[in-house]
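Below is one structure; the comments refer to it alone.
The values are calculated or read from the model by the stated rules, or taken from the named source; none is laboratory data. Just so you know, these numbers come straight off a predicted model, no measurement behind them. Positions of Cβ are backbone-derived with ideal geometry, glycine not excepted, and every protein chain shown enters the neighbour counts.
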Amino acid sequence: MKTSIFLGTVAAATLMAGAGMADTLADVKARGELNCGVNTGLVGFAAPDANGNWTGFDVDFCKAVAAAVLGDATKVKYVPTTGQTRFTALSSGEVDLLARNSTWTFSRDTDLKLDFIGVNYYDGQGFMVRKDLGVTSAKELDGATVCIQTGTTTELNLADYFKANNMAYQPVNIDSNAEGEQQYMAGACDAYTTDASGLAATRAAFADPENHIILPEIISKEPLGPAVRHGDNNWGDIVRWTLYALIAAEEYGVTSANIGELTTSSQNPEVQRLLGVTDDLGAMIGLDKEWAKRAIMARGNYGEIFAANIGEQTPIGLARGLNAQWTQGGLMYAMPFR
Amino acid sequence: MTDMSAPGNPPFRPSMLIYDRRYRSMTFQVIVFILVMALAWWLVNNTIRNLAALGKDFNFGFLWQRAGYDIPQTPIPYTSDDTHFRAAMVGLLNTLIVSILGCIAATFVGIIAGVARLSNNWLIARLMTVYVEAFRNVPLLLWILIVFAIFTEVMPPPNAFRGDDPAASMILFDHVALTNRYTAIPTLAMTNDPGSLDLGARITISWATIAFVVVLIGGWIVRRMIGAWAQRVQDQTGSRPTTWWMSLAVMTVPSLLLIWFFGLHFEAPELRGFNFAGGLNVQNGLVALWLALTLYTGAFIAEIVRAGILAVSRGQSEAAFALGLRPGRTMNLVILPQALRVIIPPLISQYLNLTKNSSLAIAVGYMDIKGTLGGTTLNQTGRELEAILLMMGVYLVLSLIISAGMNIFNSRVKLKER
């Protein structure tokens, strides 16, 4: 009898714990800190600098969300996750938000119970080889040894690509980008494959970037986006619209430099709504009026974040390409703030 | 007649469950059993509830989905179109390969190092002490990474073997190439291939292999019969016939005939395109893991062997010498059989350790069951609980099998008390 009461209590507590987990916004506010899952170290996207401060494209998105929710872009705890641990970290509640160049796929969105809230970088898988190998196309890689990060979608794309082109290859499975870099540099593999942005970032860290080329073939679609847990729609909305706020800010020319001035002077109703001058959009997602303004002020709009971390002026030197605004021929398109 | 309570058998009262020694032990066992089962039920129920809260179910259906990834070393035919189950099987076989190779090599290394550490030669004994202490006291993962790093950084890449004046050359009469990716060794090829036996599920065994196994087992049986015959003759006449040439012939001649019949020969690897082809490319991951596991476990086995030999009292060898036995026979007939009784039980746990330690394989990209089922499959399907439970089951079964086998061996060498 006592046992069943005890077990009943435990079961009820378990259920309540499960229910408690569903309100991520309240949890984050109570904690006063956003737990953000990031890459263990990919220069340009998320990597600690010499002083141990995290910087990068994904890190800046974490900062924007923290600024929107908590009002302070520094209130972020960065949790480094590998390709293997990232989704478990999210679904177990260890992180509130996963901003770790992860590809949006059907099975991850449905079977893994994640919610990808949008795309912050349209990427594709490519190959990097040494120039002196004399290879100019991925179609010439028949019989090559290819280094590949295990547990990623790139592993599946690689198998599909070589099968579709009737070529053979020898995979070398590696655990992290750093290990892949080392194996590739030592010549233990002829080619290194991952997302083209990742290749560019990796190459930028080499001592001799000019001796390596990224082959022109892009063998897959890799839409990279931040993800949250399935089931907490309000939290998903907050993260989604923070991303849209950054993208919309670029579209309307709102930058971290002129945002203060535009708040008072802009006559564009969309900008006024975005910056909380007229309508109170923030109240609809449980935040205050100026949430989007703070998100943009944290690290700038989408274009500023791109340029500062991975743009053409940085060692990584990625062109905007598909990631330009829709008005510039790209795919970045924020839904209307209304 | 109808009185059921015989003298000295008082009627049962509940308090007897505690105070009567006949019932007390049973009472406590029942209570403990109920508590343990309740705890187990709570754990399982908690897991199911939490999975339900996350919207996840518990099923093993993912094992029959297409795996979609490739594996570098496949003992059975495998492509990316096969199922996750087959990928797990490939991983399991890779685990078995490195474990069996490791156990055999570690035993040799351990026996040699253990005996050498007792050597009267000061230098050899000290060298072995350094080996044992160095390998026992540094974590295995570091040894694996060091050995792998040496292979990757020191060995030349395959394209160094190219050209008229190559930077690197093959060894052993152009038969073996050490590269920073793999060791290319020759394969056995047959000019007179008898075909293969199909075991189903695309697993085949060459008839030639079966023939060799049959011939070797047959040779071994005949050799034992020769030994028994020699013993009989010795018992009857007092002189033992010379049998070594018969044993040698029985063991080698049929095999040589088979080699001639099948036209067995080595096929050397040669550089084609990016890599060596034609031979067998043994991944550096396997070699590094094997070497590190062997040297690490070998250090522990050396200490076990040393302890076993020291456990045999000195009087035993002195008595054997007094009977006129030579040192070699003393070791084989007197010391080792007694030392084995001490050596075998801890040796079992070293074999178990080696098998379980092989799960560090992913550090060097060797796809064992942790790399396939617990690595890529787990990641692509997101079935953490199922994959981890399956892996635990697999390692448990493997360990129990090793343990059972070694226990049978132990019961044969242990002290027979009559």
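What to note about this one:
- Against the test of being at positive phi, away from chain B (no Cβ under 14 Å) and at pLDDT 85 or above, the options A:Gly93, A:Gly118 yield a single qualifying residue, A:Gly118.
- Residue within segment A:206-217 that is assigned to a helix (DSSP H, G or I) and within 13 Å of chain B (Cβ to nearest Cβ) present: no
- Consider segment B:321-364 and keep the residues that are within 14 Å of chain A (Cβ to nearest Cβ) and in contact with an Asp or Glu (Cβ under 8 Å, 6 or more places away or on another chain). The one that is farthest from A:Asn177 (Cα to Cα) is B:Ser359.
- Among the residues of segment A:143-159, those that are out of contact with any Gly (no Cβ under 7 Å at 6 or more places or on another chain) and either outside the structural domain of A:His212 (by TED's automatic domain parsing) or of a type outside the set (A, V, I, L, M, F, W, C) (or both) comprise A:Thr145, A:Thr153, A:Thr154, A:Glu155, A:Asn157.
- Hits in segment A:121-150 (condition: buried (at least 23 other Cβ atoms within 10 Å of the Cβ) and either part of a loop (DSSP other than H, G, I, E, B) or within 8 Å of chain B (Cβ to nearest Cβ) (or both)): A:Leu141, A:Thr145, A:Thr150
- Residue among B:Thr242, B:Thr237, B:Thr252, B:Thr183 that is within 30 Å of A:Ala188 (Cβ to Cβ) and among the hydroxyl-bearing types (Ser, Thr, Tyr): B:Thr183
- Cβ pairs under 6 Å, 6+ apart, first in segment B:34-49 and of a type outside the set (A, V, I, L, M), second surrounded by 11 or more Cβ atoms within 10 Å (Cβ to Cβ): B:Trp42/A:Leu7; B:Asn46/A:Thr14; B:Arg49/A:Thr14
- Top-ranked residue of segment A:171-192 - restricted to ones that are closer than 19 Å to A:Thr40 by Cα and facing chain B (nearest Cβ under 8 Å), ranked as surrounded by the most Cβ atoms within 10 Å (Cβ to Cβ): A:Asn173
- Within segment A:57-76, the presence of a residue that is touching a residue at least 40 places away in the same chain (Cβ under 8 Å), surrounded by 20 or more Cβ atoms within 10 Å (Cβ to Cβ) and within 14 Å of chain B (Cβ to nearest Cβ) is excluded.
- Counted residues, segment B:298-336 - those being surrounded by fewer than 20 Cβ atoms within 10 Å (Cβ to Cβ) and either touching a strand residue (DSSP E or B) at 6+ places or on another chain (Cβ under 7 Å) or within 30 Å of A:Ala188 (Cα to Cα) (or both): 0
Matching residues to (1) more than 10 Å from chain A (Cβ to nearest Cβ); (2) closer than 30 Å to A:Met167 by Cα; (3) modelled with pLDDT of 85 or more; (4) surrounded by 15 or more Cβ atoms within 10 Å (Cβ to Cβ):
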{"residue": "B:Trp42", "(1), (2), (3), (4)": "no, no, yes, yes"}
{"residue": "B:Leu54", "(1), (2), (3), (4)": "no, no, no, yes"}
{"residue": "B:Phe58", "(1), (2), (3), (4)": "yes, no, no, no"}
{"residue": "B:Gly68", "(1), (2), (3), (4)": "no, yes, yes, yes"}
{"residue": "B:Ile71", "(1), (2), (3), (4)": "no, yes, yes, yes"}
{"residue": "B:Tyr78", "(1), (2), (3), (4)": "yes, yes, yes, yes"}
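- Output for segment B:200-222, where each listed residue is free of Cβ contacts under 8 Å to residues at least 24 places away in the same chain and under 24 Å from the mean Cα position of the chain (by Cα): B:Thr204, B:Ile205, B:Ser206, B:Thr209, B:Ile210, B:Val213, B:Val214, B:Ile217
- Of all residues in segment B:301-340, those satisfying the criterion of being of a type in the set (Lys, Arg), assigned to a helix (DSSP H, G or I) and either at pLDDT 90 or above or more than 29 Å from B:Ile408 (Cβ to Cβ) (or both) are B:Arg306, B:Arg314.
- Lone qualifier among A:Met297, A:Met335 - being assigned by TED's automatic domain parsing to the domain that holds A:Arg108, in contact with a helix residue (DSSP H, G or I) (Cβ under 9 Å, 6 or more places away or on another chain) and either hydrophobic (A, V, I, L, M, F, W, C) or crowded, with 23+ Cβ neighbours inside 10 Å (or both): A:Met297
- For segment B:214-261, a residue qualifies if it is basic (Lys, Arg) and part of a helix (DSSP H, G or I), and the qualifying residues are B:Arg223, B:Arg224, B:Arg232.
- Test: A:Ala46 is away from chain B (no Cβ under 12 Å), buried (at least 24 other Cβ atoms within 10 Å of the Cβ) and over 30 Å from B:Pro158 (Cβ atoms): yes
- Taking every residue in segment B:406-417 that is more than 20 Å from B:Val334 (Cβ to Cβ) and pairing it with any residue that is of a type outside the set (Lys, Arg), at least 6 positions away or on another chain, the pairs with Cβ-Cβ distances below 6 Å are B:Met406/B:Ile348.
- Contact annotation: residue pairs with Cβ atoms under 6 Å, 6 or more positions apart or on different chains, pairing a residue in segment A:154-170 that is more than 8 Å from chain B (Cβ to nearest Cβ) with a partner that is aliphatic (A, V, I, L, M), are A:Asn157/A:Ile219; A:Tyr161/A:Ile219.
- Residue count for segment A:92-107 under the criterion of being buried (at least 17 other Cβ atoms within 10 Å of the Cβ) and either among the aliphatic types (A, V, I, L, M) or farther than 24 Å from B:Arg49 by Cβ (or both): the result is 10.
- Hey, B:Leu295 away from chain A (no Cβ under 14 Å), in a helix (DSSP H, G or I) and exposed (fewer than 14 other Cβ atoms within 10 Å of the Cβ) or not: no
Let's see how each residue does on (1) more than 22 Å from the chain's Cα centre (by Cα); (2) of a type in the set (A, V, I, L, M, F, W, C); (3) in the same structural domain as A:Asp237 (by TED's automatic domain parsing):
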| position | (1), (2), (3) |
| --- | --- |
| A:Thr81 | no, no, yes |
| A:Leu90 | no, yes, yes |
| A:Phe116 | no, yes, yes |
| A:Leu141 | yes, yes, no |
| A:Ala164 | yes, yes, no |
| A:Met167 | yes, yes, no |
| A:Gln170 | yes, no, no |
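- In segment A:271-293, residue surrounded by the fewest Cβ atoms within 10 Å (Cβ to Cβ) [restricted to those that are touching a residue at least 40 places away in the same chain (Cβ under 8 Å) and closer than 20 Å to A:Asp23 by Cβ]: A:Gly286
- Residue identified as without any contact (Cβ under 8 Å) to a residue 60 or more places away in the chain and within 14 Å of another protein chain (Cβ to nearest Cβ) among B:Glu318, B:Glu270: B:Glu270
- Among the residues of segment A:27-63, the one identified as assigned to a loop (DSSP other than H, G, I, E, B), closer than 15 Å to A:Asp96 by Cα and out of contact with any strand residue (DSSP E or B) (no Cβ under 6 Å at 6 or more places or on another chain) is A:Gly32.
- Residue check for A:Ala164: buried (at least 17 other Cβ atoms within 10 Å of the Cβ) and of a type outside the set (Asp, Glu): no
- Total residues in segment B:112-161 satisfying the condition of being of a type in the set (Asp, Glu) and modelled with pLDDT of 90 or more: the figure is 1.
- Residues being basic (Lys, Arg) and out of contact with any helix residue (DSSP H, G or I) (no Cβ under 8 Å at 6 or more places or on another chain) - total across segment A:214-254: 2
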